1. Summarise the accessible area of the chain (1.4 Å probe, protein heavy atoms) by the percent that is carbon and sulfur.
2. Just how large is the dipole of the stretch 64-157 about the Cα centre, in debye to the nearest 20, putting +1 at every Lys and Arg Cβ and -1 at every Asp and Glu Cβ?
3. Using Cα pairs under 8 angstrom and six or more residues apart, how large is the relative contact order of the stretch 48-112, in percent?
4. If you take the square roots of the eigenvalues of the alpha-carbon gyration tensor of the stretch 55-120 and sort them as a ≥ b ≥ c, do you get rounded (a/c under 1.5), prolate (a/b over b/c) or oblate?
5. Could you pull out the GluC sites (Glu not before Pro) across the stretch 70-155 that fall in loop regions by DSSP (anything but H, G, I, E, B) with no more than 11 other Cβ atoms inside 10 Å?
6. Going through the stretch 49-157, which trypsin sites (Lys or Arg not before Pro) have at most 11 other Cβ atoms within 10 Å and a DSSP loop state?
7. Would you mind working out the magnitude of the charge dipole of the chain relative to its Cα centre, with +1 at each Lys and Arg C-beta and -1 at each Asp and Glu C-beta, to the nearest 20 Debye?
8. I want to check the label-to-label distance for residue 142 and residue 8. Put each point 7 Å from Cα in the C-beta direction and report it in nm to one decimal.
Amino acid sequence: MLNKIEQWIDKTNLDYESQRASCTCFADDFDGFYPASFLENAYFVVVDNIPKPDFPGLREIGLGDFIDMKVDGITYKNTYYILPHVAKNPRLHFHELVHVAQWEILGAVNFIQRYIEEIQNYGYADAPLEKMAYGLDAHFTNNGEKINVPAHVSEKI
């Protein structure tokens, strides 16, 4: 199942590759939080519909609510997908970049497995990977002290 999800993610990222934008456009906004080298390898795509895998097996293991949940953004490896109405929202970009860091640190299969287990065990709102992203985006939005987010994520994960 994990490999099937990763293959779907790779195909999705490939399908949208020509539409993705580099996160280097956030270098000034996120200075002190995300190193330029990190932003150079992170991308976003503005889409009308958030792509999500919808395999019967995912619903069988209790992820139907997550698959059906309306979201403004989702991250797959170093690329995240966002809806047009939030395309200019720095907090959303900051949040999704936390997930890019998590993917990078954990690796694809480990991230997918951990994320699924957290959703199953805690629900979306209380999943530790989500709580980390929401906590860091709130820190940024509230003009918190600048911290190297990828390094912070690496320490806390």
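1. Working: 3890 of 8200 Å².
Percent of accessible area from carbon and sulfur atoms in the chain: 47.
2. Magnitude of the dipole: close to 280 debye.
3. Details: 48 pairs, mean separation 19.1, N = 65.
Relative contact order for the stretch 48-112 comes out at 29 percent.
4. Details: a/c = 2.62, a/b = 1.32, b/c = 1.98.
It comes out oblate by the Cα gyration axes.
5. Working: sites: 96, 104, 117, 118, 130, 145, 155; in loops: 145.
Taking the stretch 70-155 and a limit of 11 other Cβ atoms within 10 Å, the loop GluC sites (Glu not before Pro) found are 145.
6. Values: sites: 59, 70, 77, 88, 91, 114, 131, 146, 156; in loops: 70, 77, 88, 146.
Within the stretch 49-157, the qualifying trypsin sites (Lys or Arg not before Pro) (loop, at most 11 other Cβ atoms within 10 Å) are 70, 88.
7. Working: 13 positive and 23 negative charges, 13 e Å.
In total the dipole reaches around 60 debye.
8. The modelled label-to-label distance comes out at 3.6 nm.
The values are calculated or read from the model by the stated rules, or taken from the named source; none is laboratory data. Here the structure is a predicted model, which is why all the values come from computation and not from measurement. Please note: Cβ atoms are built from the backbone with ideal geometry, for glycine as well, and neighbour counts cover all protein chains shown. Areas reflect the complete protein model, heavy atoms only, side chains present, ligands, DNA and RNA absent. Shrake-Rupley method; radii C 1.70, N 1.55, O 1.52, S 1.80 Å.
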